1. Show the residue pairs that are 6+ apart or on different chains and have beta-carbon atoms under 6 Å apart, the first residue being within segment 38-62 and farther than 18 Å from Val26 by Cα, the second being part of a loop (DSSP other than H, G, I, E, B) and at pLDDT 80 or above.
2. Does Ile47 satisfy being part of a helix (DSSP H, G or I) and surrounded by 13 or more Cβ atoms within 10 Å (Cβ to Cβ)?
3. Go through segment 124-201 and tell me which helices (runs of 4 or more DSSP H), entirely inside it, have 1 or more residues that are touching a Gly at 6+ places or on another chain (Cβ under 7 Å) and either under 30 Å from Phe13 (Cβ atoms) or not small (Gly, Ala, Ser) (or both).
4. Can you tell me which condition Tyr86 does not meet? The list is (1) under 19 Å from Lys156 (Cα atoms); (2) of a type in the set (Phe, Trp, Tyr); (3) touching a helix residue (DSSP H, G or I) at 6+ places or on another chain (Cβ under 7 Å), and all the others hold.
5. Look through segment 100-137, keep the residues that are among the charged types (D, E, K, R) and under 23 Å from Gly18 (Cα atoms), and return whichever of them is surrounded by the fewest Cβ atoms within 10 Å (Cβ to Cβ).
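The values are calculated or read from the model by the stated rules, or taken from the named source; none is laboratory data. Every value quoted in this text rests on a predicted model; they were computed, and no experiment measured them. In this analysis, Cβ positions are derived from the backbone assuming ideal geometry, glycine residues included, and neighbour counts consider all displayed protein chains.
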Amino acid sequence: MKKTIKEKIKKLFIKNNGYAQTSEIVKANINKRNIRLLLEEGKISRIKRGLYKWNDFKFEPVNELVEVLKIVPSGVICLTSAISYYGLTTFTPSKYEVAITQKAKVVLPRYPEIKLVYFSKKIYTSGITEEKINNHKIKIYEMEKAICDCIRYRNKIGKDIILEVIKEYIKRKDKNIEKIMKYAKICKVEDLLKKYLEILI
């Protein structure tokens, strides 16, 4: 591959904050065979069909969340992945947990490891917010909604983690008890949350 072509492709990836789709490469009048050559050289990695990342781009560890939602564009970062993002737990999830609706169909790659969590429409649509990572927007549940979802899944997540999360939340200056109670009502864990708060406050 000519150096000029490689530089042209690299500039396209950099412009897109380290990522590029096959359609964008073709639109830039670059032959698709160059994608295969860059893969063989280890310059790029395939995230999913038609989506690639430039390996030498300076990605932060948290940038994997961007990759996850490029793989599952209808998804929302949830449960332990969300509380870990907000710094509410020392627990490190082994898989990225992503909420989707029952109707969503997703084909997952081997890596990164993603666990799909099926939420009802009301639970899924409540509390979605956007965070920015390296100029990429990711969908994630608001901190209070993520906590309430974790309480719903307490038997799978573990009560020790739930207690740690609520303890950390109570310490935060930006805590909002009114908001967390609102989401507790939506998630039908109001009584449980009250018990946790009574113990810890």
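1. Phe57/Gly18
2. In short, no.
3. Details: elements: 143-152, 154-157, 159-171, 177-186, 190-200.
Passing ranges, in order: 143-152, 177-186.
4. If we test Tyr86 against (1) under 19 Å from Lys156 (Cα atoms); (2) of a type in the set (Phe, Trp, Tyr); (3) touching a helix residue (DSSP H, G or I) at 6+ places or on another chain (Cβ under 7 Å), just (1) comes out false.
5. Here is the first cut: in segment 100-137, the ones among the charged types (D, E, K, R) are 103, 105, 110, 113, 115, 121-122, 130-132, 137.
So of that shortlist, the ones also under 23 Å from Gly18 (Cα atoms) come out as 110, 113, 130-132, 137.
Values: Arg110: 6, Glu113: 12, Glu130: 8, Glu131: 14, Lys132: 9, Lys137: 11.
Filtering segment 100-137 for residues that are among the charged types (D, E, K, R) and under 23 Å from Gly18 (Cα atoms), the one surrounded by the fewest Cβ atoms within 10 Å (Cβ to Cβ) comes out as Arg110.
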